[in-house]
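*Asks:* Below you'll find the structure I mean.
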Amino acid sequence: MRFLVIDDSRAIRSLIIRMLKELGHQHAEAGNGREALDIIANNGPFDAALVDWNMPVMTGIQFVEAARAKPELAGMQIMMITTETEVERIQQALALGATEYLMKPFTREAFADKLAMMGLDKAA
Amino acid sequence: MLEISQEDIAAIVSLVFTTTLDVEVEAAEGPPPSGGEVASSLVGITGNWDGAVIVACERALAVRFARAMFGISDEEVGESDINDALGELVNMIGGNLKSMLPPPCHLSLPTVVAGREYRVRLPGAKVVRELDFAANGARLRIAIAERAAA
């Protein structure tokens, strides 16, 4: 599977990418939503985007909105990975088209379980 | 007024360190020793509660955090790795703390400072919780500062 990891924290991108590699997946990374849209424009859709909420330039929720406005990205799953836990904000993300939600901090097992739940557990 | 107990904060800190870094933290007495190099990170919370979360640790410990987070050796750890690792740790602690505060609250982007003999002060705020931990033989302090309601 091809994943796009979108987080302004290089530390979190590094953690997630290590987990994806261990699970046999391919990846690209972006520091904010705008950069992620540019990467998608240049490389085509990914199987899934793993998206932080609070980022400079373009937030995670703005990315979800922008991605869901593009019909060619309809098949790309979006998982929010964030410390945001307010029910209203989670509902907002899901209503805008996010597929799943994972709260930081998370274990390798929780991460792998979420991917499996989304049908994203097949290695590249 | 902050209604989150020391125990709840300790549980959040322990969860963040064990799940993210695979590092066990234990309650300890006293802050990181003075005189040595200390790295601090801070994240502000605004909204129905106003204040900040501050993480301060010995530089050696910050290097270990960065090493664990980036999967690199001590020798490969640079200043930007330490800044990013500490910034993310305070972001996760602040985010989890925020989930226990009355909504809506908003988290700022983290700030990191490092050096010797410095103090982090928030104008109009006072420290309402202070927890000291030991991890890998080094000291770590978590402080919660609360700004008085206007």
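Read the figures in this text as sums done on the coordinates, not as results from a lab. The model shown is predicted, which means the values in this text are computed figures rather than measured ones. A quick note on method: Cβ atoms are made from the backbone with ideal geometry, for glycine too, and the neighbour counts reach across all protein chains shown.
*Asks:* Does B:L122 satisfy being in contact (Cβ under 8 Å) with a residue 40 or more places away in the chain, facing another protein chain (nearest Cβ under 9 Å), within 13 Å of B:V43 (Cα to Cα) and not in a helix (DSSP H, G or I)?
*Replies:* No: the conditions fail for B:L122.
*Asks:* For the stretch A:93-108, how many residues are over 16 Å from A:Q77 (Cβ atoms) and among the charged types (D, E, K, R)?
*Replies:* Counting residues in the stretch A:93-108 that are over 16 Å from A:Q77 (Cβ atoms) and among the charged types (D, E, K, R) gives 2.
*Asks:* Could you grab me the full set of residues in the stretch B:95-115 that are small (G, A, S) and either closer than 19 Å to A:R13 by Cβ or more than 9 Å from chain A (Cβ to nearest Cβ) (or both)?
*Replies:* Within the stretch B:95-115, B:G95, B:A114, B:G115 qualify.
*Asks:* Then there is this: Return yes when A:T99 is under 11 Å from the mean Cα position of the chain (by Cα) and within 20 Å of B:G95 (Cβ to Cβ) and no when it is not.
*Replies:* Criteria not met by A:T99.
*Asks:* Sticking with this one: Does B:A60 count as under 16 Å from the mean Cα position of the chain (by Cα), surrounded by fewer than 19 Cβ atoms within 10 Å (Cβ to Cβ), on the phi < 0 side of the Ramachandran plot and more than 9 Å from every other protein chain (Cβ to nearest Cβ)?
*Replies:* Yes; evaluated as a whole, the condition is true for this residue.
*Asks:* If I go through the stretch A:90-123 residue by residue, how many of them are within 14 Å of another protein chain (Cβ to nearest Cβ) and part of a loop (DSSP other than H, G, I, E, B)?
*Replies:* Residues flagged as within 14 Å of another protein chain (Cβ to nearest Cβ) and part of a loop (DSSP other than H, G, I, E, B) within the stretch A:90-123 amount to 4.
*Asks:* With the requirement that a residue be under 14 Å from the mean Cα position of the chain (by Cα) and either surrounded by 15 or more Cβ atoms within 10 Å (Cβ to Cβ) or part of a loop (DSSP other than H, G, I, E, B) (or both), what does the stretch B:128-139 give you?
*Replies:* B:R129, B:L131, B:D132, B:F133, B:A134, B:A135, B:R139
*Asks:* Scan the stretch B:1-42 for residues that are assigned to a strand (DSSP E or B) and either surrounded by 13 or more Cβ atoms within 10 Å (Cβ to Cβ) or within 14 Å of chain A (Cβ to nearest Cβ) (or both) and jot them down.
*Replies:* B:V38, B:A39, B:S40, B:S41, B:L42
*Asks:* I'd like to know if the stretch A:87-101 contains one or more residues that are on the phi > 0 side of the Ramachandran plot and surrounded by 14 or more Cβ atoms within 10 Å (Cβ to Cβ).
*Replies:* Checking the stretch A:87-101: at least one residue is on the phi > 0 side of the Ramachandran plot and surrounded by 14 or more Cβ atoms within 10 Å (Cβ to Cβ).
*Asks:* Moving on. Counting just the residues of the stretch B:64-80 that are more than 16 Å from the chain's Cα centre (by Cα), in a helix (DSSP H, G or I) and at the interface with another protein chain (Cβ under 8 Å from one of its Cβ atoms), which one comes out farthest from B:W49 (Cα to Cα)?
*Replies:* Only one residue fits best here, namely B:F70.
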